[in-house]
Structures are given as C-alpha cells and as structure tokens.
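The values are calculated or read from the model by the stated rules, or taken from the named source; none is laboratory data. Remember, predicted model here, so these are calculated numbers, not experimental data. Heads up, the Cβs are rebuilt from the backbone with ideal geometry, glycines too, and the neighbour counts pull from every protein chain shown.
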C-alpha cells in the first residue's frame, strides 16, 4: 500500500475538487465520501513510507498546501466551468511532477547496512532457497541463537538489496508479497552520538569511599551513595550478576575495571573509541580500591561487567550486529544487557528488536536502553521504543531533564538517571566526563545488576516497578520518568526477596 500513496493523493484531491465544485448538488454526495476514503488511505500509506520524519514533514506540508489551494480556487470560482477542468488538470500535473521530483531526490531512508539492507523473517520451516529463487537474490541466515527452540530469531535472513533507494523499497514490497515471508524490516545503521569532554568542579564529599576522584561524581552524590552502600553491608548476594556492555568494546586492562571485568572474547577487550569503556565504568568500576572512581557496587561481590563489541571504533554498527550481540550476551549468561546506542528508525514497528528482547528475557537477562539525545520523543528511536526494554532518559545536576535528552512519556517502561558531566573511566587508565543518555543508561544497568544479584529471578517488569515506585519525582517526571533512588530500590528488593 505504501507505493499507492501518489495515486491515493490524486484521487483524494480530485474528489475534493469535484465535491467543492458540486457543493449543494446531488453529485457532491458521491464525491464527499470518496474524498474521505481516499484521504484516509493516503494518510495510512504516507505514514508507512520508509523515510525520516523530516522528509515526511516537508512532503506532507507541500502536498496539503497544494490540496488546499486547488480546493479554495474551485470553491471560490465554481460558477466558471473552466475552473473545474483547470483544477483537475493541475492536480494530475502536480502529482506527476511531484512523483518525478521525489524519485530523483537523495535516498529518503535512514542509512542502511551496505552488507544486507533488509532483514527478512520466514515462516517456520520455510525453505530460504525457494524465496531466493523467487526474488533472484540470495538469503543468508542472520542470527544463530543457542536456544533456537525458544525463539524465532533463527528464521531471520539478511538480503543484499540494490544500492538505489527506490529499488530497496521495491524489493521490500516484493518480499512482503512473497509466499513464505512473514516479515521484512530495514537493517539500519546505528551510531552513538558525538560527545564532548567536559570539565567539572570537584566536591569536597568523599561519599564514604576511598576512590580519589569520587568528588567529581555528582550523580552518585545525588543518588545518596553512602546511604546506599550502608544498606548493602549486611546483604549477601545470591550470586554475582553479569552486566554486558554492548558498545565499542571495553578496555579490559583499565586499572579501575580489571578487578570486575569478565572477558567473553579477546576482541571485545579493547576500545578504540572511549564510549564503551566510559559506560562500563559507570556501571561497575571497582569501588574502594583507592583508584579513580566509584560505582554503585560497593565491592566485587555483587556484579561483574563484560563487553560485547557491536559498534566499530568510529561508533557505528548495524541493527543486525546489535541483535547478534544481544543474543551472544544472553547466551553467555548476562543478567543485564546495557545498550547506550540507537537512533531514528525508518520503521514504525521494531519486530526484530522485539524478538531479540524476548529471547534475552527468556534467557534471564533484563535489557536497559538509552532514550537518545535529540530532545524529541523516544518513540521515534530504536531500540528505545522496543517493547520489553527499560528506557533511560537523562537528568542534569539540577535534577531537571537534560537539554539533549529524548522524552519518554510514550514509552511503556522508562526511568531517568544522571547523564550530564558524568565522570568515568576512559581507555589507557584515564578518566573524564561525558554527557548523554549513554551515561545515564549504565547507572540503571548497574543498579539492576545489584538487584539481580540479590534476586536472580527478577523480571524486567518487576525491576521497572521497583525502580518506578522507589524513584524520585522530579519537575520533569512526566517527560522522562522517575529518577532512580538506589537505596529505596534495594530496600524494596530485600523486603520482597
């Protein structure tokens, strides 16, 4: 239906012109309902067009403006018969020229992977070779979950589409009409946002720990770290929880991480960016080791951190690569999967991410995701908009919504955490401050990891309910959810464990 939107626009505008021309006469009773049907179809097909909201907005304004002009002209001069012919002719000409202009513009799609632009889910047991023959392009299996019996992720295949945007769209529509194909989605490129190093003032408070740079960690002060650690003194974790950082890799040799780090693969133990190492420090830096910074974990008994590299050194990756990383983390026993990544999406639905989250949940992992840094609705960002994840927005030092943070009022499970000028670990035994929902996300992941160490069977919904019920209502709570309060959250886990 997405390819029909020019035709539906033509029918809607023409029927509107005829309705206005015959206003008050019998033919108007035919053209009025035809207009409503056509405009409804146009709206649905237009919404489903695979392009950014900016492109959609400009196109829609242009088309509705034309529709309004010809309607006004026809209604104002309907006593002149030639006006009707002129308006209809202009409508046809406008539609033809608009389609031609639109097809020559730059790629309207959010960038897709060069090695497999489409993700295709086949019906259970359907032969991928048959689909390949029908479309004339080979299919390669996208994912290899260890527990294939509990998921449909092993039914996903990747398709290399032609480089031209219009051909990619046409191939997607062809696939959607092919027998055996259950679902098709774009394999989008995902990036971490650009960040700047920040300088911050030092506090005189030591927060009850001996880490020399804790005075630069205002977020821990706002979350009352000293009281939180005191509440954990008599708590014995059932087991150590594993927090997986899906990012640019982690510097496993960092002086403030190596004591809590678990390696899955050596290739994940380096970070040529800085983003992954910074997130790992926020989630699980070694506390009370007289080095660098502290984390929410008071010692190494509650959590350990690992890395699955899903983003290249420049900070980019693909949806397929991220989902493969989620599967690997879950299959490796991760209790918490922290994803400080994402971006605007072409698709209104995010079924592949949703299936991946369900798989992680079945394997016992809770998925924590950044809301995004564009100061818009996180509903437009993936995987922040994926059902089943806990989405994290950012607050500043005044506990207000960070200026860059996306809003989460349309997200099912959302909380907030400190995300401005967050001091943490950097590759090469260095430290520095970054800002972003990327930084607020591992705060939540670290806390949920501690919660899971005390109650290993904790579900995502249970964890969110605890974080939400125990959280602090800030002035911007309607936009970004409640600010996490670690002590109250752990007290709730202890009382209901």
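Taking the options 357, 367, name whichever one is outside any helix (DSSP H, G or I) and either in contact with a helix residue (DSSP H, G or I) (Cβ under 7 Å, 6 or more places away or on another chain) or crowded, with 24+ Cβ neighbours inside 10 Å (or both).
After applying the criteria, what remains is 367.
Report yes if residue 12 is out of contact with any strand residue (DSSP E or B) (no Cβ under 7 Å at 6 or more places or on another chain), modelled with pLDDT of 75 or more and surrounded by 14 or more Cβ atoms within 10 Å (Cβ to Cβ), otherwise no.
yes
Between a first residue in the range 481-497 that is at positive phi and a second residue that is part of a loop (DSSP other than H, G, I, E, B) and modelled with pLDDT of 95 or more, which pairs have beta carbons less than 6 Å apart while being 6 or more apart in sequence or on different chains?
Close Cβ pairs (under 6 Å, with a partner that is part of a loop (DSSP other than H, G, I, E, B) and modelled with pLDDT of 95 or more) amount to 481/408.
Inside the range 376-469, counting only strands (runs of 3 or more DSSP E) that do not spill past its ends, which hold 1 or more residues that are free of Cβ contacts under 8 Å to residues at least 12 places away in the same chain?
Numbers: elements: 390-395, 414-418, 422-426, 430-434.
Because the criterion is at least 1 residues that are free of Cβ contacts under 8 Å to residues at least 12 places away in the same chain, the strands (runs of 3 or more DSSP E) in the range 376-469 that meet it are 430-434.
May I ask you to verify whether residue 269 is farther than 20 Å from residue 367 by Cβ, surrounded by 24 or more Cβ atoms within 10 Å (Cβ to Cβ) and assigned by TED's automatic domain parsing to the domain that holds residue 453?
The answer is no for residue 269.
Looking only at residues that are touching a helix residue (DSSP H, G or I) at 6+ places or on another chain (Cβ under 7 Å) and more than 14 Å from residue 320 (Cβ to Cβ) in the range 137-167, which one is surrounded by the most Cβ atoms within 10 Å (Cβ to Cβ)?
Residue satisfying both the conditions and the ranking: 151.
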